[in-house]
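What follows is a set of notes on a single structure, which appears directly below.
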Amino acid sequence: MERIPILKMGNFLLVTIQVDMYDRLAMTLQDDLTNRITQTHAHGVLIDISGLEIVDSFIGRILGNIARISRVLDAQTVVVGMQPAVAITLVELGLSLTGIRTALNVEKGMALLRSSLNETTNQVIATQWRADDDAED
Amino acid sequence: MSESKIPEILETFEADLLSEWTQELANVNIRKGLIKEAELKEECREFLSLFRSAVGQGKLTNIQAGAWEDMREILNSISRSRSQKGFTPAETATFVFSFKQPLFKRMRQQLQDPIELSEEIWLATNLLDQLGLLTIEVYQKAREDVILRQQEELMELSTPVIKLWEGILALPIIGTLDSARTQMMMESLLQKIVETGSEIAIIDITGVPTVDTLTAQHLLKTVTAARLMGADCMISGIRPQIAQTIVYLGIDLTDITTKATLADAFLIALKRLGVSITPSQPK
């Protein structure tokens, strides 16, 4: 079955959606992502939807759910690269996705994640580095 | 109904009819200078030959029939060119109607039986009326096309998105906001946000005379859509009257940064980007 790859980048998980989403795929993504967040203790999730040209109410809701689930698991979600047509559709559907952070592109999304996690993650990164150092020794 | 004599008359007197008709046209209506005489004559000749061929096929009542297709086409182009040249609809239609006079004259000469004559005249007048009305219809259609095109162009002109600074866009709105305009405005703003990668957009409504609930809703939609894409929207240029209206209408703008003037909004935008403007040292 088709899956959307979830990449780990340091403290963050990176999801780039390159294919059109259908409902099953979205559900799978939600499951996979939830699992990966708990496995990797990620503190940020970046979802790039610049490849999506159509978003229906279901996919919109799933995006909202992902953000809320991540929040529960102590991870910030940033959705980046939404196309104008998609944004208009979502607004017309009455889905303003409150609670989801957005950015124009991956670069800005990453910056946003970093700055928002700065205080909380400084400590985490520090402990991680220590752990890495220990491992090297 | 017996076989119509119209095709026969047209056949026999084509040359005469043509010369009389052009004479008639020259007398009645056509303003000199708008159209060349030779051109007019050519049009008449073409009309007449097509009229003859269509009538010859026996379709004397309905100009929607296939036999009239060429005729409809030529009238179409004549009518369109008339509307462009500045003729009035009446003048355009007279081109066809004036053909009645020479035609009826010939019919009166050729047909002795009064009942037959009246029947034939009824037939011919009906036909020519239809053709004349067709020219008016096309004329009006051509005019409407022009208006429609102008409307679209006006709409596109009226929603310019301006780049104020690296990362700051402004959208000054002038005039009333209706649904179609807001839709276009929203699309062009969002598109520009993607193109320029701007994080802040200022919608300036100084030029908007009134705000009703619908307009406010449209504005809110635009702001929400921009936010979904990762850009921040501010609204500036809210006049006192409009501010009062917004409050009376119970529109909630608490989530949106609103400023009185574009300058204020611009300043906030600069601050958010971490840019500051300092006056240069006096010399």
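Examine the range B:78-93 for a residue that is in a helix (DSSP H, G or I), closer than 18 Å to B:SER53 by Cα, assigned by the TED database to the domain that holds B:ARG52 and out of contact with any His (no Cβ under 8 Å at 6 or more places or on another chain), and state whether such a residue exists.
no
Taking only pairs six or more apart or across chains, which ones have beta-carbon atoms under 6 Å, a first residue in the range A:76-94 that is farther than 26 Å from A:THR34 by Cβ and at the interface with another protein chain (Cβ under 8 Å from one of its Cβ atoms), and a second residue that is open to solvent by 10 Å² or more (accessible area, probe 1.4 Å) and part of a helix (DSSP H, G or I)?
Note: pairs meeting the criteria are A:PRO84/B:GLN191; A:VAL91/B:LYS221; A:VAL91/B:THR224.
Just to check your reading of the model, which residue among B:LEU169, B:LEU189, B:LEU220, B:LEU228 is open to solvent by less than 20 Å² (accessible area, probe 1.4 Å), over 30 Å from the mean Cα position of the chain (by Cα) and within 11 Å of chain A (Cβ to nearest Cβ)?
Result of the check over B:LEU169, B:LEU189, B:LEU220, B:LEU228: B:LEU228.
Only one of these conditions is not met by B:GLN183: (1) open to solvent by 20 Å² or more (accessible area, probe 1.4 Å); (2) under 34 Å from the mean Cα position of the chain (by Cα); (3) more than 14 Å from every other protein chain (Cβ to nearest Cβ). Which number is it?
With (1) open to solvent by 20 Å² or more (accessible area, probe 1.4 Å); (2) under 34 Å from the mean Cα position of the chain (by Cα); (3) more than 14 Å from every other protein chain (Cβ to nearest Cβ) applied to B:GLN183, the lone miss is (3).
Does any residue in the range B:253-266 that is under 7 Å from B:ILE235 (Cα atoms) come within less than 7 Å, Cβ to Cβ, of a residue that is at pLDDT below 90 six or more places away or on a different chain, and which pairs are these?
Within 7 Å, the pairs are B:THR258/B:ILE238.
Mind listing just one residue for me: the one in the range A:61-84 that is under 22 Å from A:GLN18 (Cα atoms) and surrounded by fewer than 16 Cβ atoms within 10 Å (Cβ to Cβ) and, of those, farthest from the chain's Cα centre (by Cα)?
This residue is A:ARG61.
The values are calculated or read from the model by the stated rules, or taken from the named source; none is laboratory data. Please read these numbers as outputs of a predicted model, since none were measured by experiment. Ideal geometry is used to build each Cβ from the backbone, glycine not excepted, and the neighbour counts take in all protein chains shown. We work out accessible area using only protein heavy atoms, side chains counted, and drop any ligands, DNA or RNA first. Shrake-Rupley method; radii C 1.70, N 1.55, O 1.52, S 1.80 Å.
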